[in-house]
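So the structure is just underneath, and the comments pick up after that.
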């Protein structure tokens, strides 16, 4: 049994229930294509908009989130991305279906930990937000990991998440989920998996399905 066992049905269910999330990702992907380099400062407002659209507003602090003033969310995000720029640039061409994750594991651990730290979450860890930022930056590589997806990985792959609102996210578990997702995509096989929704990044197809599968746990 795996997360992708009934992939087409789960994907169709997600698309019927979660039109608002699809509209958000479509807008972020479009901006990413137009800007070209997702690490340019001009893409940061779209990262912020994506986070708000994906229900992260209450965890992002107060004030004008788009302001570049010191201590604003955008200022903190900009500083964090600047600090992680070396590792982030090394991930630009990576793809969940085709990249050997072992070779980029240190970079993934570093960027996950940097984004999940209290710097972005107002002194609270920002793990779910970190995976959303990583996905918006690199939608072919990173899945979004929230409570539903954590439930799916716990049930189908024995990833050691707890049940409840705080499943115990960390970089090691996120990497384990990426490896498990990659394994299922490869077995699908990858070419046919991508054709499930040809205009959607592979990692996004997977996390849509995981969201539905985890919801049913």
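Selection over region 29-48 of residues that are part of a helix (DSSP H, G or I) and either touching a strand residue (DSSP E or B) at 6+ places or on another chain (Cβ under 6 Å) or farther than 20 Å from residue 64 by Cβ (or both) gives a count of 6. Every test in (1) crowded, with 22+ Cβ neighbours inside 10 Å; (2) at pLDDT 95 or above is passed by residue 120 save one, and that test is (2). Count of region 37-64 residues, restricted to those that are loosely packed, with under 14 Cβ neighbours inside 10 Å, over 30 Å from residue 213 (Cβ atoms) and modelled with pLDDT under 95, is 3. Picking from residues in region 49-87 that are part of a helix (DSSP H, G or I) and over 21 Å from residue 110 (Cα atoms), the one that is farthest from the chain's Cα centre (by Cα) is 58. Is it the case that some residue within region 154-168 is at pLDDT below 95, crowded, with 17+ Cβ neighbours inside 10 Å and either touching a strand residue (DSSP E or B) at 6+ places or on another chain (Cβ under 8 Å) or within 22 Å of residue 56 (Cα to Cα) (or both)? Checked region 154-168: at least one residue is at pLDDT below 95, crowded, with 17+ Cβ neighbours inside 10 Å and either touching a strand residue (DSSP E or B) at 6+ places or on another chain (Cβ under 8 Å) or within 22 Å of residue 56 (Cα to Cα) (or both). Has region 100-110 got any residue that is closer than 24 Å to residue 22 by Cα and modelled with pLDDT under 95? No - not one qualifying residue is present in region 100-110.
Within the bounds of region 67-76, is there any residue that is touching a residue at least 40 places away in the same chain (Cβ under 8 Å) and in contact with a helix residue (DSSP H, G or I) (Cβ under 7 Å, 6 or more places away or on another chain)? Yes, that holds for at least one residue. The criterion of at least 3 residues that are over 22 Å from residue 79 (Cβ atoms) and more than 17 Å from the chain's Cα centre (by Cα) is met, among helices (runs of 4 or more DSSP H) falling completely within region 100-199, by 147-157, 171-187, 190-194.
Over 20 Å from residue 9 (Cβ atoms) and without any contact (Cβ under 8 Å) to a residue 24 or more places away in the chain, is that true of residue 129? It is false that residue 129 is over 20 Å from residue 9 (Cβ atoms) and without any contact (Cβ under 8 Å) to a residue 24 or more places away in the chain.
The values are calculated or read from the model by the stated rules, or taken from the named source; none is laboratory data. What you are looking at is a predicted structure, and each value in this text was computed from that prediction instead of being measured. Quick reminder, even Gly has a Cβ in these numbers, built from the backbone with ideal geometry, and neighbours come from all protein chains shown.
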